[in-house]
1. If a residue has to be surrounded by 13 or more Cβ atoms within 10 Å (Cβ to Cβ) and either farther than 27 Å from residue 116 by Cα or without any contact (Cβ under 8 Å) to a residue 24 or more places away in the chain (or both) to count, how many in segment 195-205 make the cut?
2. Would you please list the contacts, defined by Cβ atoms under 6 Å and residues six or more apart or on different chains, that run from a residue in segment 33-49 that is closer than 12 Å to residue 14 by Cα to a residue that is modelled with pLDDT of 80 or more and not in a helix (DSSP H, G or I)?
3. Show the residue pairs meeting these rules: Cβ distance below 7 Å; 6+ apart or different chains; first residue within segment 73-90 and at positive phi and basic (Lys, Arg); second residue modelled with pLDDT under 90 and part of a loop (DSSP other than H, G, I, E, B).
4. Kindly evaluate residue 145 against the criterion of being touching a Cys at 6+ places or on another chain (Cβ under 6 Å) and either of a type outside the set (Val, Ile, Thr) or not in a helix (DSSP H, G or I) (or both).
5. State whether one or more residues within segment 41-62 are touching a His at 6+ places or on another chain (Cβ under 9 Å), of a type outside the set (A, V, I, L, M, F, W, C) and outside any helix (DSSP H, G or I).
6. Which residue is least open to solvent (accessible area, probe 1.4 Å), if the candidates are limited to segment 3-19 and must be closer than 13 Å to residue 52 by Cβ and outside any helix (DSSP H, G or I)?
7. Do you know which of the residues in segment 165-194 that are surrounded by 19 or more Cβ atoms within 10 Å (Cβ to Cβ) and among the acidic types (Asp, Glu) is farthest from residue 206 (Cα to Cα)?
8. For the structure I just gave you, tell me whether residue 61 is under 30 Å from residue 102 (Cα atoms), without any contact (Cβ under 8 Å) to a residue 60 or more places away in the chain and open to solvent by less than 60 Å² (accessible area, probe 1.4 Å).
Amino acid sequence: MNTQTLEHMKQLRLYGMYRAFDGSLSPQNITYTNDELVAYLIQSEWDDRQNRKIERLTKAARFRYSAVMEAIDYDASRCLDKNQIQRFSSCDFITQKQNILITGSTGAGKSYMASAIGHQACSLGHKVMYFNTNKLFTMLKTSKADGSYLKQINKLEKQDLLILDDFGLKALDSINRHSFMEIIEDRHGKHSIIIASQLPVEAWHEIIGEQTIADAILDRLVHTAHRIDIKGESMRKKLKNNH
């Protein structure tokens, strides 16, 4: 009978329940009451589905780093507000449709921090996508040529959190400027964005170009944004010197 029950669980794709029930049949295992066994099986299935969902969301996000909030370095030289960053762990900024702008010099740890917040968002069930900004714009240009631009823009719009890394390494041309405007417009007041850049926010106007569009983009971006400016020496250099 147990074999048949296990087979039915498999067919119903109740994999967490299957493993839990299979494990509970072991002779040296603790004895459950009926209520306890039902609760245990349902909790096991719930946990299994949650874990698979997080795995799926994390894979879909395509992060540059496998980063965690707990590993962020709060060395005094970096001038980070630990309370501010730890508050991001709840991802309330996503439910409140707010943005995060992370600036700092090369190797300061901007990408890691953006990825850590993104990983945390996935663990809480949010849909996230991570992009190197230049690669995103190249992909969007290609999609205009092959007719899939609207599909790509719609996919971006559906994400709870969009992370744009290495923003501002190249000034935007007319096509990229309009794509950027469309992305920001789609997300404004609906979904969050994290932008990481070597350049201070004050220099973004020049990178975007065309004053009217730059004003419109920055007005939407900065208005609901938390700002993090990472100081101190390059983390890459620091890690290299420590080895």
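The values are calculated or read from the model by the stated rules, or taken from the named source; none is laboratory data. Here the structure is a predicted model, which means the values were calculated and not measured. A quick note on method: Cβ atoms are made from the backbone with ideal geometry, for glycine too, and the neighbour counts reach across all protein chains shown. Only protein heavy atoms, including side chains, enter the accessible area calculation; ligands, DNA and RNA are left aside. Shrake-Rupley method; radii C 1.70, N 1.55, O 1.52, S 1.80 Å.
1. 1
2. As it stands, the answer is 45/14, since those pairs meet every condition given.
3. Partner pairs satisfying both residue conditions: none exist.
4. Answer is no for this residue.
5. Looking for residues that are touching a His at 6+ places or on another chain (Cβ under 9 Å), of a type outside the set (A, V, I, L, M, F, W, C) and outside any helix (DSSP H, G or I), one finds none in segment 41-62, hence no.
6. It comes out as 14.
7. Across segment 165-194, the extreme among qualifying residues is 165.
8. Numbers: under 30 Å from residue 102 (Cα atoms): yes; without any contact (Cβ under 8 Å) to a residue 60 or more places away in the chain: no; open to solvent by less than 60 Å² (accessible area, probe 1.4 Å): yes.
No; evaluated as a whole, the condition is false for this residue.
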